[in-house]
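Taking it in order: structure first as structure tokens, then the write-up.
Readers should treat all values here as calculations from the given coordinates under stated rules, not as data from a laboratory. Quick caveat: nothing in here was measured; it's all calculated off a predicted structure. Neighbour counts run over all protein chains shown; Cβ positions are idealised from the backbone, glycine included.
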Amino acid sequence: MTPGSANRVLLRVAGAVFVLWAVATLTFFAMRLIPGDPALAILGGPGSQASPEALEQARREYGLDQPIAVQYVAMLGRLLSGDLGTSYALKVPVADLLAAQLPGTLLLAVCSLLVAWVVAIALALFSTGAGRIAASVGHGIELAGAALPHFWLATVLIAVFSTSLGWLPPVSSGDLSGLVLPVLTLAIPLAGFLAAIMRESMLDALAQPFVVSARARGESELGIRARHAIRHAAIPGVALSGWALGSLLSGAVIVETIFARPGLGRTLMQAVTVRDVPVVTGVVLVVALIYVLMTLASDAASALVDPRQRAQPAVKATQS
């Protein structure tokens with residue numbers, strides 16, 4: 001590993017650590033701004049009718065009677081040791097709770113990302129270089145898809161495919177049929193965004209010399225777009241895939257709640273409602289960690305898709 005590569009790796013690791021620290025800090029203080037007493041969540045919520053003595057004992061046991069600064073330092077110490085704490089409401093280790101909920105959310109997010117990519121590539125191939133009418137229709141579909149709110153789209157999909165047609169269940173059923181509507185709810189807006197980016201990149205690619213050479217060899221326009229231009233058009237989208245997965249994980253909060261689907265999003269919503277601080281902190285940290293890892297992976301994937309990025313270090317070494 002060259003010194004330059006080692007420095008880049010160290011900078012990325014330092015950036016990842018800073019992001020996780022910032023997320024944990026913001027979550028900690030944001031939860032303290034929510035009205036209510038965390039001790040009530042420990043004792044069963046506002047309806048528990050806990051006595052003042054029981055509340056005071058819960059505060060002492062969980063360190064809630066300490067100054068905010070002391071609680072914050074204690075929280076950072078637990079996180080550094082890998083301890084996410086115990087859920088106030090469920091009385092189970094947060095790590096075990098997240099381990100049980102994470103696979104469902106990851107499945108939802110990954111399937112949504114794959115569907116979004118398929119739709120985006122299809123839209124880009126359809127709307128680029130195929131005439132003014134196709135370009136206008138494709139552009140309209142991109143704008144409409146990217147602007148759809150998740151909660152509205154979920155309501156429409158349930159009304160059409162569950163209530164009217166009866167094809168798909170309106171809530172999670174534990175099988176593939178229960179995954180279709182949540183995936184479409186997350187994938188359609190993202191597909192519109194990715195397609196818009198790919199269309200602009202494909203237009204630039206179609207003006208490059210390698211396209212002129214392909215036309216001179218007698219290749220069809222569809223073949224040129226599918227075999228040559230689409231690879232270059234995909235580079236910006238691949239670079240944004242880490243952000244896209246993070247956006248899907250954020251959207252899962254709404255989608256999992258609407259479709260009553262188990263996962264991190266629904267767990268986060270329930271934890272915020274009852275001020276379950278350890279669970280909220282754990283979920284947000286896991287999502288941030290996934291976002292950081294996917295951003296690094298998307299950078300590596302961009303280098304694989306675009307050979308010019310792999311050639312840059314060699315060119316710089318030659319020039320020096």
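Points to keep in mind about this one:
- Label-point gap, in nm, between VAL17 and ARG78 - each point 7 angstrom along Cα→Cβ: 2.2
- Take 150-157, 278-285 and order them by the average number of nearby Cβ atoms within 10 Å per residue, most first; the result is 278-285, 150-157.
- Database remark: amide H of THR86 closer than 5 angstrom to the amide H of VAL94 (H placed geometrically; neighbours at sequence offset of 5 or more, or on other chains; Pro and chain starts carry no H).
- When you restrict to C-alpha pairs under 8 Å that are six or more residues apart and normalise by the size of region 77-150, the relative contact order lands at 12 percent.
- Protection proxy ranking of 22-30, 182-190, 267-275, by the mean of other Cβ atoms within 10 Å over each peptide's residues and highest first, is 182-190, 267-275, 22-30.
- Taking every C-alpha pair closer than 8 Å and separated by at least 6 residues, the mean separation divided by the residue count of region 152-286 gives a relative contact order of 21 percent.
- Burial order of peptide ranges 109-122, 49-62 (average beta-carbon count within 10 Å, highest first): 109-122, 49-62
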